[in-house]
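Chemist: One structure, as structure tokens, below. Some questions next.
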Amino acid sequence: MRAHLAIAAAAILFASTFVVVKDAVELAGAVPFLGVRFMAAAAALAPFARWRNQPGLLRAGLWAGGFALVGYLLQTIGLQYTSSSVSAFLTYLLIVIVPVLSALVLRRMPDTAVLVGVALATAGLLVLTGGVDSIGRGEVLTIGCAVSFALWVLVVSEWSPKYDTAAFTVIQLLVVGLPCLAIGLVTDGVAFPARAWAAALYTGLAVSAGALWLQVWGQRRVGANRTALLLMIEPVAAALFAAAVGERIGWNGVLGGALILAGIAVAELPIARRLAVARS
């Protein structure tokens, strides 16, 4: 239960970033913003990391951080061309991609409850976006982000149980933050307005450090497929945050969000889990 609640809390914190980041990247470049955000997160979490006697930690962190880097770049740049609520929901196409990759790469077929949940959530995503005909530049970038994040979820699920959570997370944060900060210093610089700095520090400390730690800690206990479904709370919460600041998603958004929540509920029903165990 604590692991499930940790991932749900992480999802809500992640959800708060879409509106904040969309506003910030209008004031500061996307790449230097990510650099400041993730370096602040790494600095905050590093004192809690345990580094000794963990062979393979660096390699695992580099792989996980590499997928996170690509995902965050595509997501942040994509936010310049689409709304925060659509970005949030499209990001979670990863719930479709994770079980497929899990089956193909790791040879772990999801149970029936998870597949039904994925189907409902996918229907919700299609209703929300109005179908494939409405996909533009921002949507394409965000779908690429979803693929990268799906790979990230799988890598974290495989390697996080072997290593200290804080240390594993810090390496991922540095893999994202260092190249973005270096590129940002050479190109746009980090002379942000105060509002962009506040956004970078909030998303870095509360989300990239706090929420990512919660996700990694919880994910090592519940697995990749269930983590992907629990994280579907994020786009629903993001849409609510967006509505609170005046961004409207209409009835399609409401129906799409309801279908996504239905998918999460089906996958989490105790009776569905018991049936899966009995069938096995």
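Chemist: Give me the residue from the stretch 141-154 that is crowded, with 20+ Cβ neighbours inside 10 Å and β-branched (Val, Ile, Thr) and, out of that set, nearest to Trp63 (Cα to Cα). Before you say what the answer is, go through the steps one by one.
Modeler: Taking the stretch 141-154 and keeping what is crowded, with 20+ Cβ neighbours inside 10 Å, we get 141-142, 145-146, 148-154.
Add one more test, that the residue is β-branched (Val, Ile, Thr), and what stays is 142, 153.
Working: Thr142: 20, Val153: 11 Å.
Within the stretch 141-154, the match that is nearest to Trp63 (Cα to Cα) is Val153.
Chemist: Can you go through Ala199, Ala146 and tell me which one is over 16 Å from the mean Cα position of the chain (by Cα), part of a helix (DSSP H, G or I) and closer than 14 Å to Thr76 by Cα? Walk me through how you get there before you give the answer.
Modeler: Details: Ala146 fails: over 16 Å from the mean Cα position of the chain (by Cα).
None of the others qualify; the one that does is Ala199.
Chemist: Pick out the one residue from Ala166, Ala228, Ala239, Ala265 that is out of contact with any Cys (no Cβ under 9 Å at 6 or more places or on another chain), of a type in the set (Gly, Ala, Ser), at pLDDT 85 or above and assigned to a helix (DSSP H, G or I). Please lay out each step first, then the result.
Modeler: Working: Ala228 fails: at pLDDT 85 or above; Ala239 fails: at pLDDT 85 or above; Ala265 fails: at pLDDT 85 or above.
Exactly one of Ala166, Ala228, Ala239, Ala265 is out of contact with any Cys (no Cβ under 9 Å at 6 or more places or on another chain), of a type in the set (Gly, Ala, Ser), at pLDDT 85 or above and assigned to a helix (DSSP H, G or I), namely Ala166.
Chemist: Find the residue count for the stretch 50-62, including only residues that are in contact (Cβ under 8 Å) with a residue 12 or more places away in the chain and either β-branched (Val, Ile, Thr) or surrounded by fewer than 18 Cβ atoms within 10 Å (Cβ to Cβ) (or both).
Modeler: Quick first cut of the stretch 50-62, residues in contact (Cβ under 8 Å) with a residue 12 or more places away in the chain only: 50-51, 54, 56-58, 60-62.
Okay, now just the ones that are also either β-branched (Val, Ile, Thr) or surrounded by fewer than 18 Cβ atoms within 10 Å (Cβ to Cβ) (or both), so 50-51, 54, 56, 58, 62.
Selection size over the stretch 50-62: 6.
Chemist: Further question on the same structure: Can you tell me which residues in the stretch 244-261 are more than 17 Å from Val127 (Cα to Cα) and at pLDDT 80 or above? Break it down stepwise before answering.
Modeler: Step one: filter the stretch 244-261 for residues more than 17 Å from Val127 (Cα to Cα), giving 244-247.
The answer is Ala244, and nothing else.
Chemist: With the structure loaded, tell me whether Ala123 is of a type outside the set (S, T, N, Q) and surrounded by fewer than 18 Cβ atoms within 10 Å (Cβ to Cβ) or whether it fails that test.
Modeler: Working: of a type outside the set (S, T, N, Q): yes; surrounded by fewer than 18 Cβ atoms within 10 Å (Cβ to Cβ): yes.
Yes: the conditions hold for Ala123.
Yes or no, residue by residue, for (1) closer than 19 Å to Gln219 by Cα; (2) among the polar types (S, T, N, Q):
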| site | (1), (2) |
| --- | --- |
| Val25 | no, no |
| Pro32 | no, no |
| Arg37 | no, no |
| Ala44 | no, no |
| Trp51 | no, no |
| Gly66 | yes, no |
| Ser83 | no, yes |
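Chemist: Please go through the stretch 1-39 and give me each residue that is crowded, with 18+ Cβ neighbours inside 10 Å and under 14 Å from Trp213 (Cβ atoms), ordered by number.
Modeler: Correct list: Ala3, Ala6, Ile7, Ala10, Ala11, Leu13, Phe14, Phe38.
Chemist: Something else: Does the stretch 182-196 hold any residues that are part of a helix (DSSP H, G or I) and surrounded by 19 or more Cβ atoms within 10 Å (Cβ to Cβ), and which are they?
Modeler: Step one: of the stretch 182-196, the residues part of a helix (DSSP H, G or I) are 182-186, 194-196.
Across the stretch 182-196, the qualifying residues are Gly184, Ala196.
Chemist: From Gly66, Gly117, Gly71, which residue is of a type outside the set (A, V, I, L, M, F, W, C), within 27 Å of Asp164 (Cα to Cα) and either buried (at least 21 other Cβ atoms within 10 Å of the Cβ) or modelled with pLDDT under 80 (or both)? If you could, list the steps in order and put the result at the bottom.
Modeler: Numbers: Gly66 fails: either buried (at least 21 other Cβ atoms within 10 Å of the Cβ) or modelled with pLDDT under 80 (or both); Gly117 fails: within 27 Å of Asp164 (Cα to Cα).
Checking each option against the conditions leaves just Gly71.
The values are calculated or read from the model by the stated rules, or taken from the named source; none is laboratory data. As the structure is a computational prediction, the values presented were derived from the model and not from experiment. Because the Cβ atoms are built from the backbone with ideal geometry, glycine has one as well, and the counts that use them run over all protein chains shown.
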